[in-house]
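Notes to accompany the following structure.
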Amino acid sequence: MKRLSILFLFLFTLIFCTCNTTKKVEEIFIVSLNSRQIEIGEIEAQFNPPLSLGTLKKENVKVLYFPQEDAVCLQYKHEFVTYHQFWSAHGRRTFAAALAKYNEDYDARNLNAKGGRRTRSTYGSVKGYLIWQMFSFTVQARANMNLGMGYEFKERSPYFTINQGVAEYREEISRDNNKNSPIIALYFTRAQAAELAALFDPAFLRELGSPGGNNIPIDPYRDNY
């Protein structure tokens, strides 16, 4: 009996250690605005108007590449706040797969027109990084958040969507500066989404980040204030 108890304890310990060592460790993804950055293009996207009253509003979105972190930034202004939405290499691959699936469903007429906001992340989500700030002299909040990919019907037309989840900024020095970002949906036509996918292309970004590529530093707040 004693020998069986020792054997049971050994097997339990082995299983427990194996489960812990095989547990997936989530990659930490952060970006600094002080890193070298390259402006690689500008695309268009649609946003909900204030209080979601009225039709979608088209805005320009600046796209920048940060070679040191291998991150692509979508920089846009929404309701007087400037957002820097960062995508990792894994996130960009997931975006490409999500867009391909959306195009398949679009062509096959498999999109659910009554899904509402529930379909905004139907093609998956990834971890992103967000930096947001109202003015250059106010607190620069930053935190990880989820980026969902899906679609939503607006005015009877389907749009591919990026659903920017809540980012929670917590400051150790002063809790008065703690803040949460709002949930923001970016709406893309198929042509607009294809333009973004082209800027996410890994071969294109590798060439930019090479020593002979474009290495002109960009002021992230140029023309924003």
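Quick notes on this structure:
- Low-density loop positions, trypsin sites (Lys or Arg not before Pro), region 48-131 - DSSP coil, at most 15 other Cβ in 10 Å: 109, 114
- Extending 7 Å from Cα along the Cβ direction at residue 190 and again at residue 207 yields two label points whose distance is 2.6 nm.
- Residues within the reach of a label modelled at residue 42 (point 7 angstrom out along Cα to beta-carbon, backbone nitrogen below 13 Å), restricted to region 58-85, are 59-64, 75-77.
- Phi to ³J(HN,Hα) by Karplus 6.51 cos²θ - 1.76 cosθ + 1.60 over region 98-107, Hz, x for Gly, Pro: 5, 5, 4, 5, 4, 4, 4, 5, 4, 5
- Column: log10 I(q)/I(0), Debye, Cα scatterers of region 33-127, q = 0.20 Å⁻¹: -1.22
- For region 130-210: span of alpha carbons on each principal axis (Å, largest first): 44, 43, 21
- Sequence-ordered 3J(HN,Hα) estimates for region 43-49 from the Karplus curve with 6.51, -1.76 and 1.60 and θ = phi - 60° stand at 10, 10, 8, 10, 10, 5, x Hz, glycine and proline given as x.
- Gained length - residue 179 relative to residue 106, 0.36 nm times residue gap less alpha-carbon distance: 22.5 nm
- Quotient of Cα Rg and 2.2 N^0.38 Å for region 51-95, N being how many residues it contains: 1.41
Every read-out reported here was derived from the displayed coordinates using simple, explicitly stated rules and does not represent laboratory data. Predicted, not measured: the structure shown is a model, and the values here were computed from it. As a convention, Cβ positions derive from the backbone with ideal geometry for all residues, glycine included, and neighbour counts pool all protein chains shown.
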